[in-house]
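A quick write-up on the structure given underneath.
The values are calculated or read from the model by the stated rules, or taken from the named source; none is laboratory data. Just so you know, these numbers come straight off a predicted model, no measurement behind them. Positions of Cβ are backbone-derived with ideal geometry, glycine not excepted, and every protein chain shown enters the neighbour counts.
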Amino acid sequence: MGRIASIILENVTYILENFSIKNVSLKVREGEYFVLLGPTGSGKTLLLELIAGFHVPDEGRIILNGVDVTYTPPEKRNVGFVYQDYSLFPHMTVEENVAFGLRVRRLPENEIKRQVKEMMNLVGISHLSDRYPSTLSGGEQQRVAIARALAINPDVLLLDEPLSALDPGTREDLREELKRIHEARNVTTIHVTHDRVEAILLANRIGLIINGEMIQVGSPEELFSKPPNEKAARFLGVENILQGRIRLNRGGIAVIETGDLEIHAITKIGEGEVYVFIRPESIIISRKPLRSSARNIFQGRIVELTNLGPLVSVKLDNGLKALITRQSAEDMRLKLGDMVYASFKAASVHVSRRAR
Amino acid sequence: MTEDKRLTWVRRNYLSIIFSAIGSIVILFLVVALFNMLIQQALTDPGSLIEVMFDEEVLKSVALTLYASFLSTMIAVIFGTPLAYVLSRHKFPAKSFIESIIDVPVIIPHSVAGIALYALLMRRGSIGSFMESIGVVFEESLWGIVAAMFFVSVPLYLNAAREGFQSVDPRLEYVARSLGAGPIRTFFAISLPLAIRHLFSGAIMAWARGISEFGAIIFIAFYPMVAPTLIYYRFTLYGLGGSRPVAVFLMLICFVIFVVLRMMSRRWGGSHQ
């Protein structure tokens, strides 16, 4: 993997009615999988569209592979683009969609056929070649969109929330697929998402963008372990993200050591280094140990109580964060320093292999 | 039980039932007005309807009407499509003004349109005198008819085409551009095929509107007579008996043509939508 910067943004500013990009600078290395993470409406899509050349920035420069393309039209940039809603050409078959960029380049027809076939094999859609997009499932459509973008052998691949419109099962499959494709083709990629889990699992580095500003750029570990400010912490910190190692897996129930805790989780992963995700809403806080089916019960001291309107966020000294209703917080009269129990089911724990 | 069900259905849907009853008056009026003429003709004087079908003057005027309106529609398509696309894609200062201008021919009386066109295109008119010098005469000619038809029908095409282009997601064009297609290629490969049904139905509407025009045409070109002019002319000379057969004939022709065109446009591009 080279160290040359493949995508450089220098002080890019662009103001639209509802969205804006403010003075964003960024360097993405060649072959890197870079994730732009941020809440909805933070200008992530707009930034991608600027890189692709669909808009011209008010200020700043965009450099792709050493060439200043700030004023270059999109068709001259050799950038692959995939939208959340797939944006397949509805009047063309799958094969025609994938071939579009090659036909535009006036390649010989047999060469087009060969490359399209190769691309459709890569993303696993060969059996769909004569179908029209409207007859495909969301996951299939997104695979077509990815194949179409990769077919032109782009210098840069831009993915705008490519997994967000998919159902959870398909999302996971395609997420793994993106990883595999990136390893196979090694195209410099910027992937936009609001999903923290997705960002951690895919990214070499993450750029956190909030309200059109680049708050921080760094490795997933850096970003999640020390968010630069409260805004970032609020966006990043609501999730329980732990690193751990599976000690044993008996009949689909794994025991994971995460330093302080020993967590039971339902997963097929047999062994190795993993990430553990627990949604704070899945954690129940109680004064006494709960007599329930929850396999995970941990005692801890309250180190932080944050009022979030109807909800209260409770942080314990063992690292777990829970979101409970204001009502139940008041009923239990929770205050700082209290010893409480945090319980959650093994089924509420999401486990994912840690590659790097 | 079924009695109960029926009652429940009525209770749940009584608003739609009342509205349908009111609405059927509209349909009834349209149907009766057209069929009354047809039936009257068929009952009282079927012979002259047959005669009209072989009347050279009638056939010529019908052919002229269809042809002139076809030309006017083609001009609307050639010049209107780019305008409609620009209006669907861009915001600019004078946009709402331009959009209002487009709708003017729909709201002004057709006699007013006729006077305006006559003043402009007559031999001594602002443009007419220049056009005559290069050999194009509007007064009492095919081009006068085409100009009048164009004036009243182009809004229908423009609005349908603009709506058609608006229905095409700009992101599809963005993606096509990112794949290497320039603006022109993108227009012809993506935007146009996806809007084509709207364009086609807009063209049919414009053509129909041209065929039906009378008011604006007679000011600039009473001759050669288009079918609506001929019908009016015969009405003033021979009354209902002389004009009705031509009217029925024109109605039948229009009806057949539009049914065929509708079927064609439905078949077009139906596979993916």
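When A:Gly60, A:Gly31 are screened for being in contact (Cβ under 8 Å) with a residue 24 or more places away in the chain and either in a strand (DSSP E or B) or not assigned by TED's automatic domain parsing to the domain that holds A:Val192 (or both), only A:Gly60 passes.
Could you tell me whether segment B:263-270 includes any residue that is surrounded by fewer than 22 Cβ atoms within 10 Å (Cβ to Cβ), over 22 Å from the mean Cα position of the chain (by Cα) and modelled with pLDDT under 90? The answer is yes, given that some residue of segment B:263-270 is surrounded by fewer than 22 Cβ atoms within 10 Å (Cβ to Cβ), over 22 Å from the mean Cα position of the chain (by Cα) and modelled with pLDDT under 90. If the condition is being in a helix (DSSP H, G or I), farther than 15 Å from B:Leu252 by Cα and in contact with a helix residue (DSSP H, G or I) (Cβ under 8 Å, 6 or more places away or on another chain), then segment B:20-47 contributes no residue at all.
In this structure, does A:Phe100 turn out to be outside any loop (DSSP other than H, G, I, E, B), more than 25 Å from the chain's Cα centre (by Cα) and either within 10 Å of chain B (Cβ to nearest Cβ) or surrounded by 15 or more Cβ atoms within 10 Å (Cβ to Cβ) (or both)? Taking the combined requirement at face value, the residue satisfies it. Here the condition is being under 30 Å from A:Asn78 (Cα atoms), in contact with a Gly (Cβ under 9 Å, 6 or more places away or on another chain) and of a type in the set (Gly, Ala, Ser); of B:Ala113, B:Ala160, B:Ala181, it holds for B:Ala181 alone. Of everything in segment A:65-83 that is at negative phi and away from chain B (no Cβ under 14 Å), the residue that is surrounded by the fewest Cβ atoms within 10 Å (Cβ to Cβ) is A:Tyr71. Among the residues making up segment A:325-349, those that are among the hydroxyl-bearing types (Ser, Thr, Tyr) and out of contact with any Pro (no Cβ under 7 Å at 6 or more places or on another chain) are A:Ser328, A:Ser343, A:Ser348.
So is A:Val187 within 28 Å of A:Ile7 (Cα to Cα) and within 11 Å of chain B (Cβ to nearest Cβ) or not?
Spelling it out, it is not the case that A:Val187 is within 28 Å of A:Ile7 (Cα to Cα) and within 11 Å of chain B (Cβ to nearest Cβ).
Scanning segment B:35-61 for residues that are surrounded by 17 or more Cβ atoms within 10 Å (Cβ to Cβ) and among the β-branched types (Val, Ile, Thr) yields a count of 2. Within segment A:267-281, residues that are in contact (Cβ under 8 Å) with a residue 12 or more places away in the chain sit with their Cβ atoms under 7 Å from residues that are buried (at least 20 other Cβ atoms within 10 Å of the Cβ) and among the charged types (D, E, K, R), at 6+ positions apart or across chains, in these pairs: A:Pro280/A:Lys321. Inspection of segment A:146-156 identifies at least one residue that is in a helix (DSSP H, G or I) and either away from chain B (no Cβ under 14 Å) or farther than 26 Å from B:Leu192 by Cβ (or both). Looking at (1) surrounded by 22 or more Cβ atoms within 10 Å (Cβ to Cβ); (2) aliphatic (A, V, I, L, M); (3) in contact (Cβ under 8 Å) with a residue 24 or more places away in the chain, can you tell me which one B:Ala208 breaks? Against the list (1) surrounded by 22 or more Cβ atoms within 10 Å (Cβ to Cβ); (2) aliphatic (A, V, I, L, M); (3) in contact (Cβ under 8 Å) with a residue 24 or more places away in the chain, B:Ala208 comes up short only on (1).
Condition check ((1) within 8 Å of chain B (Cβ to nearest Cβ); (2) at pLDDT 95 or above) across all residues:
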site: A:Leu50; (1), (2): no, yes
site: A:Gly60; (1), (2): no, yes
site: A:Ile63; (1), (2): no, yes
site: A:Asp85; (1), (2): yes, no
site: A:Phe89; (1), (2): yes, yes
site: A:Thr93; (1), (2): no, yes
site: A:Val116; (1), (2): no, yes
site: A:Pro133; (1), (2): yes, yes
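In summary, B:Gly215 fulfils each of the numbered conditions (1) surrounded by fewer than 20 Cβ atoms within 10 Å (Cβ to Cβ); (2) small (Gly, Ala, Ser); (3) over 16 Å from B:Leu117 (Cα atoms) with the single exception of condition (3).
One residue stands out among those in segment B:120-161 that are in a helix (DSSP H, G or I) and free of Cβ contacts under 8 Å to residues at least 40 places away in the same chain: the one that is surrounded by the most Cβ atoms within 10 Å (Cβ to Cβ), which is B:Gly128. The single condition from (1) surrounded by fewer than 20 Cβ atoms within 10 Å (Cβ to Cβ); (2) farther than 14 Å from A:Ala342 by Cβ that A:Glu281 fails is (2). The condition (being of a type in the set (A, V, I, L, M, F, W, C), surrounded by 16 or more Cβ atoms within 10 Å (Cβ to Cβ) and at pLDDT 95 or above) is satisfied by just one residue among B:Leu117, B:Leu64: B:Leu64.
With respect to being small (Gly, Ala, Ser), at pLDDT 95 or above and under 24 Å from the mean Cα position of the chain (by Cα), A:Gly124 falls outside the description. Would you call B:Phe200 buried (at least 17 other Cβ atoms within 10 Å of the Cβ) and at pLDDT below 95? Yes.
If you go through segment A:290-326 and keep only what is closer than 16 Å to A:Asp338 by Cβ, among the small types (Gly, Ala, Ser) and crowded, with 19+ Cβ neighbours inside 10 Å, you end up with A:Gly300, A:Ala322. The criterion of at least 1 residues that are more than 30 Å from A:Ala52 (Cα to Cα) and away from chain A (no Cβ under 14 Å) is met by the following helices (runs of 4 or more DSSP H) wholly inside segment B:170-270: B:192-212, B:215-220, B:227-267.
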